[in-house]
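Since the structure comes first, as structure tokens, the remarks are kept for the end.
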Amino acid sequence: MLLGTQRVTEDGLLEIGGVPAVELAERFGTPLYVIDEACLRDRCRRYRESFAAAYEGPTAIAYASKACLTLAMCRVVAEEGLHLDVASGGELHAATKAGFPLSKVAMHGNNKSVDEIAAAMDAGVGYVVVDCMEEIDRAERLLEAGHPKTKALLRITPGIKVHTHEYIMTGRADSKFGLGPGEGGAMKAVERLLESPAFELIGFHCHIGSQLLAVDCFADAAGLMLDFCKSAQDQTGFLAQVLNLGGGLGVRHTDDEHPPTIPELATITARGVMEGCAERGLDLPTLMVEPGRSIVGEAGTLLYTVGVVKEIPGVRTYLAVDGGLSDNPRPALYDAEYEVFFAGKMNAPTQQRVTVAGKHCETDNLFKDVPAPEVEPGDVIAVPSCGGYTFAMASNYNRLPRPAMVHVIDGQADLVVERQTWENLLRGERIPERLA
Ligand code: LLP
């Protein structure tokens with residue numbers, strides 16, 4: 001499974017963005033996050049173009065920056081004309097520092113702090129996605145203290161169960177996010193928002209889950225959301241101008257996964273909204289979606305170097321690499337599976353099955369029973385489809401420095417995140433005088 005601009009050269013090297021992966025490993029060290037910028041830009045364009053083509057009203061695509069946020073990523077996404085979804089004050093700060101147009105930023109969060117709401121109001125974000133009543137109280141106090149009024153969407157939990165890992169199902173009635181229709185209090189929040197001097201309500205939002213490998217649920221979500229729009233219109237006179245159906249489209253991590261394409265998602269979603277509006281006599285709202293993983297996931301490859309080859313005769317062979325749980329916690333958290341390439345031996349015959357393990361002080365087996373050629377310490381392993389929720393969820397467990405990140409495009413590689421140093425890891429720590 002080669003993704004984006006990945007290709008295999010005649011001498012068996014994996015190339016990304018026109019640069020051999022082994023060369024990147026040598027130049028920047030490993031572990032290394034490699035972003036195929038052409039692939040990233042292609043996904044942004046596909047989203048913009050397919051939604052614009054499929055929907056008869058206005059559309060806007062926001063990149064869900066939680067999947068992978070760097071200053072360079074903000075620049076690319078801005079250049080591609082996308083909006084940006086941020087879910088914390090820290091993400092908003094990164095967007096601001098990168099010079100992202102703040103009127104195209106949406107502020108999310110299920111428990112936004114006073115400081116985060118204040119920062120969003122002061123930055124002049126496009127809208128805040130209101131998740132709960134407490135947030136409206138906080139914003140009203142901030143308005144009194146002189147912070148400006150802000151546009152808002154209200155996050156609804158439409159009560160949909162989707163097929164994905166339980167930890168990333170977010171649209172169910174039993175969810176910490178948003179408010180449900182009916183008993184869930186969403187209509188009360190609409191009434192409250194319509195009276196609130198702090199917010200101008202402009203529409204509704206939902207996000208039903210992540211790594212979804214079927215798209216029918218988006219049409220179902222559209223129907224449920226339009227039911228809510230209709231009830232809100234009937235009960236309060238409020239007309240939703242914006243309907244944001246969240247992110248969630250899955251990506252291919254292995255050959256066995258076949259997620260729908262971006263145009264398929266656009267067609268199903270747009271049709272669901274257009275037909276749903278016609279059935280209910282509603283005007284077409286601006287249709288928004290906010291994909292994260294399906295923008296950046298397949299554009300990212302994670303490189304490691306094999307340090308130890310441990311053969312336990314009759315049991316298995318372990319390859320220990322120079323990273324693991326701290327740079328990609330997804331195998332441990334979600335049993336996520338990935339494909340593994342031997343970046344310098346792409347044409348070498350497969351001879352064995354190996355288990356790739358990390359270097360953390362626990363059993364962080366990353367990839368089990370992967371087909372492998374003959375392997376020696378020093379070989380570079382490339383794990384495709386690692387752009388989403390890896391760097392973003394990295395930790396410093398065992399005080400491993402966070403890896404570097406590079407963008408590759410047209411044979412050029414640019415460092416966008418420096419590798420942390422051991423010294424960086426101590427930043428902010430101090431020894432109280434009594435312990436000195
Ligand atoms: N919008 C909202 C409100 C979200 O909560 C999310 C993801 C997205 C958009 C983007 O969803 P995407 O298109 O990336 O599926 N750490 C997990 C994924 C958590 C997703 C959280 N919300 C993982 O590694 O699989």
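A residue that is in contact (Cβ under 8 Å) with a residue 40 or more places away in the chain, within 16 Å of the ligand (Cβ to nearest atom) and assigned to a helix (DSSP H, G or I) occurs somewhere in the range 165-178.
Table: residues versus (1) modelled with pLDDT of 95 or more; (2) within 14 Å of the ligand (Cβ to nearest atom); (3) buried (at least 22 other Cβ atoms within 10 Å of the Cβ); (4) in a strand (DSSP E or B).
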site: Val162; (1), (2), (3), (4): no, yes, yes, no
site: Ile202; (1), (2), (3), (4): yes, no, no, yes
site: Ser231; (1), (2), (3), (4): yes, no, no, no
site: Gly246; (1), (2), (3), (4): yes, yes, yes, no
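Contact map, the range 290-304: first residue of a type in the set (Ser, Thr, Tyr), second residue within 12 Å of the ligand (Cβ to nearest atom) and in a strand (DSSP E or B), Cβ cut-off under 8 Å, separation 6 or more or different chains; pairs are Ser294/Leu249. Against the condition among the aromatic types (Phe, Trp, Tyr), out of contact with any helix residue (DSSP H, G or I) (no Cβ under 6 Å at 6 or more places or on another chain) and assigned by TED's automatic domain parsing to the domain that holds Lys188, how does Phe218 come out, does it pass? For Phe218, the condition - among the aromatic types (Phe, Trp, Tyr), out of contact with any helix residue (DSSP H, G or I) (no Cβ under 6 Å at 6 or more places or on another chain) and assigned by TED's automatic domain parsing to the domain that holds Lys188 - is not met. Close Cβ contacts (under 6 Å, 6 or more residues apart or on different chains) running from residues in the range 204-216 that are at positive phi and touching a residue at least 24 places away in the same chain (Cβ under 8 Å) to residues that are part of a loop (DSSP other than H, G, I, E, B) and near the ligand (Cβ under 8 Å from one of its atoms) comprise Gly209/Thr170; Gly209/Gly248; Gln211/Gly250. Condition first: more than 16 Å from Ile16 (Cβ to Cβ), crowded, with 24+ Cβ neighbours inside 10 Å, of a type in the set (Val, Ile, Thr) and within 26 Å of the chain's Cα centre (by Cα). Can you find one or more residues in the range 347-357 that meet it? There is at least one residue in the range 347-357 that is more than 16 Å from Ile16 (Cβ to Cβ), crowded, with 24+ Cβ neighbours inside 10 Å, of a type in the set (Val, Ile, Thr) and within 26 Å of the chain's Cα centre (by Cα). The strands (runs of 3 or more DSSP E) found entirely in the range 255-334 that carry 2 or more residues being away from the ligand (no atom under 12 Å from the Cβ) and farther than 14 Å from Ala54 by Cβ are 300-312, 316-321.
Let's see how each residue does on (1) in contact with a strand residue (DSSP E or B) (Cβ under 9 Å, 6 or more places away or on another chain); (2) assigned by TED's automatic domain parsing to the domain that holds Asp256; (3) in contact (Cβ under 8 Å) with a residue 12 or more places away in the chain:
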{"site": "Ala25", "(1), (2), (3)": "yes, no, yes"}
{"site": "Pro31", "(1), (2), (3)": "yes, no, yes"}
{"site": "Arg43", "(1), (2), (3)": "no, no, yes"}
{"site": "Ala78", "(1), (2), (3)": "yes, no, yes"}
{"site": "Ala87", "(1), (2), (3)": "yes, no, yes"}
{"site": "Gly90", "(1), (2), (3)": "no, no, no"}
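One residue alone among Leu40, Leu84, Leu69, Leu92 is of a type in the set (A, V, I, L, M, F, W, C), part of a strand (DSSP E or B) and at pLDDT 95 or above, and that residue is Leu84.
The number of residues in the range 124-158 being within 16 Å of the ligand (Cβ to nearest atom) and part of a loop (DSSP other than H, G, I, E, B) comes to 6. Residue count for the range 59-88, restricted to those that are surrounded by fewer than 20 Cβ atoms within 10 Å (Cβ to Cβ) and under 21 Å from Thr261 (Cα atoms): 2. State which residue pairs qualify: first residue of a type in the set (A, V, I, L, M) and inside the range 119-138, second residue assigned to a loop (DSSP other than H, G, I, E, B) and surrounded by fewer than 23 Cβ atoms within 10 Å (Cβ to Cβ) in any location, beta carbons under 6 Å apart, and separation of 6 or more residues or different chains. Within 6 Å, the pairs are Met121/His147; Met121/Pro148; Ile136/Ser196.
Looking only at residues in the range 164-193 that are of a type in the set (A, V, I, L, M, F, W, C) and at pLDDT below 85, which one is farthest from Ala332 (Cα to Cα)? Residue satisfying both the conditions and the ranking: Ala173. Based on what the data block shows, is Ala436 of a type in the set (A, V, I, L, M, F, W, C) and either within 16 Å of the ligand (Cβ to nearest atom) or in contact with a helix residue (DSSP H, G or I) (Cβ under 7 Å, 6 or more places away or on another chain) (or both)? So Ala436 does not fit the description; no. Restricted to strands (runs of 3 or more DSSP E) entirely inside the range 347-409, no element has at least 1 residues that are assigned by TED's automatic domain parsing to the domain that holds Gly247.
Any residue at all in the range 351-374 that's within 24 Å of Ala64 (Cβ to Cβ) and touching a strand residue (DSSP E or B) at 6+ places or on another chain (Cβ under 8 Å)? Taking every residue of the range 351-374 in turn, none turns out to be within 24 Å of Ala64 (Cβ to Cβ) and touching a strand residue (DSSP E or B) at 6+ places or on another chain (Cβ under 8 Å).
Return yes when Arg430 is charged (D, E, K, R) and assigned to a loop (DSSP other than H, G, I, E, B) and no when it is not.
When the stated conditions are applied, Arg430 passes them.
The values are calculated or read from the model by the stated rules, or taken from the named source; none is laboratory data. Note that the structure is predicted; figures quoted are calculated from it, not measured. When we count neighbours, we look across all protein chains shown, and the Cβ atoms used for this are built from the backbone with ideal geometry, even at glycine.
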